[in-house]
Structures are given as structure tokens and as C-alpha cells.
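Rule-based calculations on the coordinates, nothing more; no lab input. Treat the numbers as computed from the prediction; the structure is a model and nothing was measured. We place every Cβ from the backbone using ideal geometry, glycine too, and count neighbours over all the protein chains shown.
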Amino acid sequence: MDDRKTFRIAPGSKVRLAKVDPSYTGKHASHQKALQVIQRDLARIDRLQYLLYADGGQSLLIVLQALDAGGKDGVVRHLFSGMNPQGVSVACFKQPTRYEAAHDFLWRAHQHAPGRGEVAIFNRSHYEDVLVVRVHKLVPKRVWRARYELINDFEKMLDRNGTRILKFYLHISPEEQLARFKQRLDDPGRRWKISESDYSERKLWPKYVEAFEEAMQRTSTKHAPWYVIPANHKWFRDLAISQIVASSMEDMRLKLPPTQVDIEDIRRKYHAAKHAPRGR
């Protein structure tokens with residue numbers, strides 16, 4: 001099964017999250033049975049990141065969006081913490097600072113876009129400016145509606161500069177969200193994540209769903225596709241995303257750069273250094 005075809009939002013298609021089962025697990029019955037596949041894909045990603053860094057001609061941007069407790073932090077921890085930190089960065093987009101808010105809404109996203117040879121992971125992203133601002137009416141409708149086209153232009157520019165873009169919406173049910181809120185209450189090690197807004201934002205669930213649906217519908221393109229990932233089961237979420245990332249990186253046709261020196265000359269210098277008296 002090609003998870004890219006299964007979960008990708010085709011450009012211009014209608015998005016109805018109610019039709020996507022957040023508990024879907026495909027042919028995989030359990031975490032234990034999927035673990036070997038996940039580990040294989042993580043090994044592929046590790047190898048491909050090495051090639052991406054060495055090749056130095058392309059980059060990868062991964063966007064993670066979800067409702068509260070959707071699992072964005074878990075994806076970063078489980079799937080990308082094994083990457084070489086020299087070539088990967090994670091940016092978390094919270095409420096804009098006064099300095100950030102003084103610029104256009106894409107300014108702070110562009111600051112964190114990956115350079116050639118790098119992977120950048122956006123934990124939330126520039127899409128907050130067509131989600132939160134819409135739901136809470138922070139700007140007029142005419143402002144946030146115009147941003148879809150600006151986002152498409154921004155992502156097209158990144159694509160033309162050699163950046164592969166993968167955008168993931170982690171789809172959970174209201175029941176699963178509440179169960180995860182309870183886990184935070186019951187586990188002292190997770191209570192730091194609790195905030196009053198967890199419950200006030202939960203009341204706005206239908207409005208957020210509507211905002212996400214239109215955002216994905218308007219901005220899922222061939223060069224920057226959206227994927228709706230069933231995420232009630234964390235292990236299946238990790239399985240689907242790891243397969244999509246690994247397969248997409250393989251499509252980038254990454255390769256080692258050509259050697260920049262005369263290998264035979266360097267080999268002679270190596271042997272001369274090896275047999276030279278110590279201290280010289």
C-alpha cells in the first residue's frame with residue numbers, strides 16, 4: 001500500500017474530515033506487528049538524510065498540524081529524534097511575539113525554512129494564520145481568505161528553490177483528545193502540558209474542523225501536498241508518516257557528491273604520513 005496515495009489530499013478536492021476514520025489502521029492489527037516496518041522506514045530516513053546533507057542541493061520541510069493533543073510532539077520525538085542534529089531543525093510556532101507580529105504573517109516561517117542539505121520540521125506553522133486567526137476572528141475574513149493564495153505562492157517559491165514540502169494533519173477524534181487530556185491529569189510528568197485553553201479551544205472543535213478543511217482544500221498542491229493521517233493510534237500515525245517521508249525522500253534522487261580531490265594522490269599522502277617517523 002502506498003500511504004501517499006491513501007492519505008494525500010488531491011489538489012482541488014473537497015475535504016471532509018468526518019469521512020476519515022481517525023482509528024483506521026489499514027492491514028496492521030497492532031503496534032507490535034507494525035514495529036518492524038516502522039524501524040525499517042526510520043533506517044531509510046536516516047540513510048536518506050545523510051545523502052540529503054551530503055548532496056547539498058535540496059532540502060525537506062515537514063509541516064505538522066493538529067488539534068490540541070493531536071500528537072505533533074510525539075511525531076517529532078519518535079520519528080525525527082534519530083536524525084543527525086547537524087542537518088535538522090524544529091520550529092514551534094506559538095502566538096507571535098510583538099516583533100514577529102510587526103512583520104507579514106509569513107516572515108517568521110521564512111526565517112525557519114530549511115537551507116540546502118537541511119531538514120526543517122514545523123510543529124504548527126504558517127497555517128496558524130488561517131486557522132486560529134479565523135476561529136477567533138483576530139483579523140477580518142477578507143484578510144485570512146487572501147492568505148491561502150499567499151501561502152501557495154510562498155510554498156511554490158520554496159519548491160522552486162529545491163525544497164520538498166510534506167504537510168501532515170494528525171486526525172484524532174474528540175473522544176481520543178479527551179482521553180489524552182485525562183492522561184495528562186493522571187500523570188504528574190505530563191501535567192506541565194495542561195492549560196486552561198485546552199478546554200476552551202475544545203468547545204470550538206467544529207469551527208477548527210471547518211478551518212482545517214478549507215485550508216487543506218485550498219492549499220494542497222502537487223508540490224506541497226497535505227496528508228490526513230488517522231492518529232487515534234499513535235503507532236499507526238508513526239507508521240504512515242514514516243512511510244510517506246521515506247518514500248518522498250527516495251523520490252528526491254539524492255546522491256553523494258563527486259569527490260573533489262585526486263584519490264590516488266591522497267592515498268599516497270596517507271601512506272607517507274602513516275610511515276613517517278613520529279614527531280615529524
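Between K193 and T6, what is the label-to-label distance in nm when each label sits 7 Å out along the Cα-to-Cβ direction?
That separation, rounded to one decimal, is 2.4 nm.
With respect to the cross-link table entries K27/K72; K167/K255; K72/K222; K156/K193; K193/K222; K14/K193, which display a Cα-Cα separation exceeding 32 Å?
Details: K27/K72 24 Å; K167/K255 24 Å; K72/K222 23 Å; K156/K193 35 Å; K193/K222 36 Å; K14/K193 34 Å.
With Cα atoms farther than 32 Å apart: K156/K193; K193/K222; K14/K193.
Computed FRET efficiency, Cβ-Cβ of R77 and T259, R0 30 Å: what is it to the nearest 0.05?
The pair R77/T259 has a calculated efficiency of 0.25.
Efficiency by 1/(1 + (r/R0)^6): what FRET value for S200 and H275, r their Cβ-Cβ distance, R0 = 51 Å, to the nearest 0.05?
0.10
Counting each DSSP H run of 4 or more residues in the chain as -39500 (n - 2.57), what helix-only mean residue ellipticity at 222 nm follows after dividing by all residues, to the nearest 500 deg cm²/dmol? Display every interim value, and only then the final one.
Values: 12 runs with 132 residues, N = 280.
Taking each H run of at least 4 residues, the total per residue is -14500 deg cm²/dmol.
May I ask you to compute the full-extension gain from K14 to Q32, defined as 0.36 nm times their residue separation minus their alpha-carbon distance, rounded to one decimal in nm?
My answer for the length gained is 3.0 nm.
Give me the number: length gained by fully extending E100 to M157, i.e. 0.36 nm times residue separation minus the C-alpha to C-alpha distance, one decimal in nm.
18.4 nm
Name the residues whose placed amide hydrogens come within less than 5 Å of the amide hydrogen of T221, ignoring near sequence neighbours (fewer than 5 apart) on the same chain.
W226
Over all directions, average the projected area of the Cα convex hull of the chain and note it in nm². Walk me through the intermediate numbers first.
Details: hull surface 82.0 nm².
Orientation-averaged projected area of the Cα hull: 20.5 nm².
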